[in-house]
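Encoded as C-alpha cells, the structure appears first; notes follow it.
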Amino acid sequence: LRPVLEHDEKHVKAQGSNLTVKAHPSGDSISCMLESSTGSVDLKLNLPRVWWKLTCDNSWRDTPLEMTQQEFRKYAKQNAAIELRLPRRIRSVGVGFNDELERKYQRYMAQDSVSLPMKNFSDYSQIDQRLMEDALFNIRCDKEVLTLIKISADHAPNSDIQNTTKNITVFPIFKQGGKLAAIVRTSNNGWRQSRGFSVGEVRGADLTVDECRRREIRIDKRRRTAHPNNIQVIRRLVDVKRNTGLG
C-alpha cells in the first residue's frame, strides 16, 4: 500500500509507505488515498493542533509572538484580540500570565476558534507596571501550557545617572474603616479604592491568604494585578498588628 495525496502540499511528504505531515495551518486535516493493485480506499486524517494569530494579522502561528508592554497596550487600545484555533475536543482554556491561568474562555460548538480580547488583560501587573523580567501570556489546554505572547522586560536603568532619568510614581492613600486599603487603577489611569488585596499582592508581602484572613486583611480573589504600593500597605498593616499584639 502507498499513500497518494489528492493535492500537492509542500508540508506533506509521501515516500514509499510513509506519510509525513509537518506542522502547518492547513495541515490539520489531510485527504489521501491508499491504493494497491487490487483497489484503493479514500482516507481523511485529522491531525488537530493549536494555532493563534492577532486579529489584525492573517498569519496563523504555533510559536510565541514577541512584543513589549507598550505594543501590548497599543493593540489593546485598538480592540485587537488573539484568535485561538483549537481542536474540537477542547472546549475551554485557562488564560493569563505565567502560571496564573485562572481566566476561562469557552469555545462554542459551532466555532473552531476563541477570541481573547487583549484589553481584558491590559490592567494586569505584567502590562501596566515596570517589568523586571520577561512575562509569558499563556493558555492551558487540558494539561498542556502554551505560550502565545512573550512580553519583553524593561531595560535596566543606565548606571550613568547624568544620562538617565528615574521615574517616580506617587500613589494616593485610601482608607477603609480608618485602615489603609488596597488601590486599583481606573480606566482613565487614575486610582480608586478596591474591595481588597489580590492574591499576588499577598504573596508579594510574603504572606498566605489564610494568614491575611487571620489578621482580618481583606482579599479580593477577582483581582489579578499586583501593585507595589498595595504590597507595602500589607506589610505596614502586619507591622502595626504585631506592634499592637494583634498579629
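Going by what's in this entry, would ASN79 be described as part of a helix (DSSP H, G or I), exposed (fewer than 15 other Cβ atoms within 10 Å of the Cβ) and of a type in the set (S, T, N, Q)? Answer is no for this residue.
Does ARG103 fit the bill of being open to solvent by 40 Å² or more (accessible area, probe 1.4 Å), at pLDDT 80 or above, in a strand (DSSP E or B) and touching a Leu at 6+ places or on another chain (Cβ under 6 Å)?
Numbers: open to solvent by 40 Å² or more (accessible area, probe 1.4 Å): yes; at pLDDT 80 or above: yes; in a strand (DSSP E or B): yes; touching a Leu at 6+ places or on another chain (Cβ under 6 Å): no.
No.
Look at ARG224 and say whether it is of a type in the set (D, E, K, R) and either at pLDDT below 80 or not in a loop (DSSP other than H, G, I, E, B) (or both). Taking the combined requirement at face value, the residue satisfies it. Of everything in the stretch 112-126 that is more than 22 Å from ASN230 (Cα to Cα) and either in contact (Cβ under 8 Å) with a residue 40 or more places away in the chain or out of contact with any Leu (no Cβ under 9 Å at 6 or more places or on another chain) (or both), the residue that is surrounded by the most Cβ atoms within 10 Å (Cβ to Cβ) is MET118. Here SER26 clears all of (1) touching a Lys or Arg at 6+ places or on another chain (Cβ under 9 Å); (2) within 26 Å of LEU148 (Cα to Cα); (3) small (Gly, Ala, Ser); (4) open to solvent by 50 Å² or more (accessible area, probe 1.4 Å) except the condition numbered (1).
Scanning the stretch 185-220 for residues that are in contact with a Ser or Thr (Cβ under 8 Å, 6 or more places away or on another chain), open to solvent by 70 Å² or more (accessible area, probe 1.4 Å) and at pLDDT 80 or above yields a total of 0. TRP60 falls short on exactly one of the conditions (1) within 16 Å of the chain's Cα centre (by Cα); (2) without any contact (Cβ under 8 Å) to a residue 60 or more places away in the chain, and that condition is (1). Report whether or not ASN46 is closer than 22 Å to VAL114 by Cα, loosely packed, with under 11 Cβ neighbours inside 10 Å and out of contact with any strand residue (DSSP E or B) (no Cβ under 7 Å at 6 or more places or on another chain). No; evaluated as a whole, the condition is false for this residue.
The values are calculated or read from the model by the stated rules, or taken from the named source; none is laboratory data. Given the structure is predicted, the values throughout are model-derived calculations rather than measurements. Reconstructed Cβ throughout: ideal geometry from the backbone, glycine too, with neighbour counts over all protein chains shown. Side chains are part of the model used for accessible areas, which takes the heavy atoms of the whole protein and leaves out ligands, DNA and RNA. Shrake-Rupley method; radii C 1.70, N 1.55, O 1.52, S 1.80 Å.
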